Ligand SMILES: [Zn+2]
């Protein structure tokens, strides 16, 4: 959506300096910056804890711009598109890092772990018992497995299902 300032400037480009009160800097900045869509990975990639080289690589990854062997193969730079890590299959960004669904599931597991730690902590406090870390870990995996089993598998990609199966989460 164009701002009032943008409309004015577009209609009268030579009148910029003739405005009695000028143009508010914030509006000018917004206009120059444009109306960009909200980027949901911004805080993950540009977090304050990563080294700059990690931030930069994360930015490349978020733009799906990693120069993997399958791209180099398509550009004619190499005649081998196989994965440099495992040698099995075509080296794509998804092959190396995982699909969007896989990353979402991993993040869901972190949240599940936070919940489980707090729940077990409360049980320990109420019942005056200690819980072994293995029991806690099993609880996290079981809860995630139940959640994944509730989901409609027809909506999921076959490589995501294989990824879940390889981690015994189906
Ligand atoms: Zn591989």
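Considering every residue within the range 87-95, establish whether at least one is out of contact with any strand residue (DSSP E or B) (no Cβ under 8 Å at 6 or more places or on another chain) and outside any helix (DSSP H, G or I). Spell out the reasoning first.
In the first step, residues of the range 87-95 are kept if they are out of contact with any strand residue (DSSP E or B) (no Cβ under 8 Å at 6 or more places or on another chain); the result is 87, 92-95.
Now drop any that are not outside any helix (DSSP H, G or I), which leaves 87, 92.
Checking the range 87-95: at least one residue is out of contact with any strand residue (DSSP E or B) (no Cβ under 8 Å at 6 or more places or on another chain) and outside any helix (DSSP H, G or I).
Does residue 136 satisfy the criteria of being more than 16 Å from the ligand (Cβ to nearest atom) and assigned to a loop (DSSP other than H, G, I, E, B)? Talk me through it step by step, then tell me what you get.
On the way: more than 16 Å from the ligand (Cβ to nearest atom): yes; assigned to a loop (DSSP other than H, G, I, E, B): no.
Against the criterion (more than 16 Å from the ligand (Cβ to nearest atom) and assigned to a loop (DSSP other than H, G, I, E, B)), residue 136 does not qualify.
Could you give every pair whose Cβ atoms fall below 6 Å, whose first residue belongs to the range 150-169 and is closer than 21 Å to residue 138 by Cβ, and whose second residue is in a loop (DSSP other than H, G, I, E, B), counting only separations of at least 6 or pairs across chains?
These pairs meet every condition: 164/170.
Please go through the range 61-81 and give me each residue that is closer than 24 Å to residue 156 by Cβ and either in a strand (DSSP E or B) or within 13 Å of the chain's Cα centre (by Cα) (or both), ordered by number.
If the condition is that a residue be closer than 24 Å to residue 156 by Cβ and either in a strand (DSSP E or B) or within 13 Å of the chain's Cα centre (by Cα) (or both), then 61, 62, 64 are the ones that fit.
If you scan the range 64-77, which residues turn out to be surrounded by fewer than 11 Cβ atoms within 10 Å (Cβ to Cβ) and within 20 Å of residue 100 (Cβ to Cβ)?
Residues satisfying the conditions do not exist here.
Which residue, of 84, 102, 116, is within 16 Å of the ligand (Cβ to nearest atom) and part of a helix (DSSP H, G or I)?
That would be 102, the only listed residue that is within 16 Å of the ligand (Cβ to nearest atom) and part of a helix (DSSP H, G or I).
With respect to residue 90, is the statement that it is assigned by TED's automatic domain parsing to the domain that holds residue 63 and modelled with pLDDT of 90 or more true?
Values: assigned by TED's automatic domain parsing to the domain that holds residue 63: yes; modelled with pLDDT of 90 or more: yes.
Taking the combined requirement at face value, the residue satisfies it.
With the condition kept exactly as written, say whether any residue in the range 43-60 is within 16 Å of the ligand (Cβ to nearest atom), assigned to a loop (DSSP other than H, G, I, E, B) and loosely packed, with under 14 Cβ neighbours inside 10 Å.
Looking only at the range 43-60, we keep the residues that are within 16 Å of the ligand (Cβ to nearest atom), and these are none.
Checked the range 43-60: no residue is within 16 Å of the ligand (Cβ to nearest atom), assigned to a loop (DSSP other than H, G, I, E, B) and loosely packed, with under 14 Cβ neighbours inside 10 Å.
Scan the range 119-133 and give yes if some residue there is without any contact (Cβ under 8 Å) to a residue 12 or more places away in the chain and within 22 Å of the chain's Cα centre (by Cα), otherwise no.
So far as the range 119-133 goes, no, none of its residues is without any contact (Cβ under 8 Å) to a residue 12 or more places away in the chain and within 22 Å of the chain's Cα centre (by Cα).
The values are calculated or read from the model by the stated rules, or taken from the named source; none is laboratory data. If you're wondering where the values come from, they're calculated on a predicted model, not measured in any experiment. Methodologically, a virtual Cβ is constructed for each residue, glycine included, from the backbone with ideal geometry; neighbour enumeration extends over all protein chains shown.
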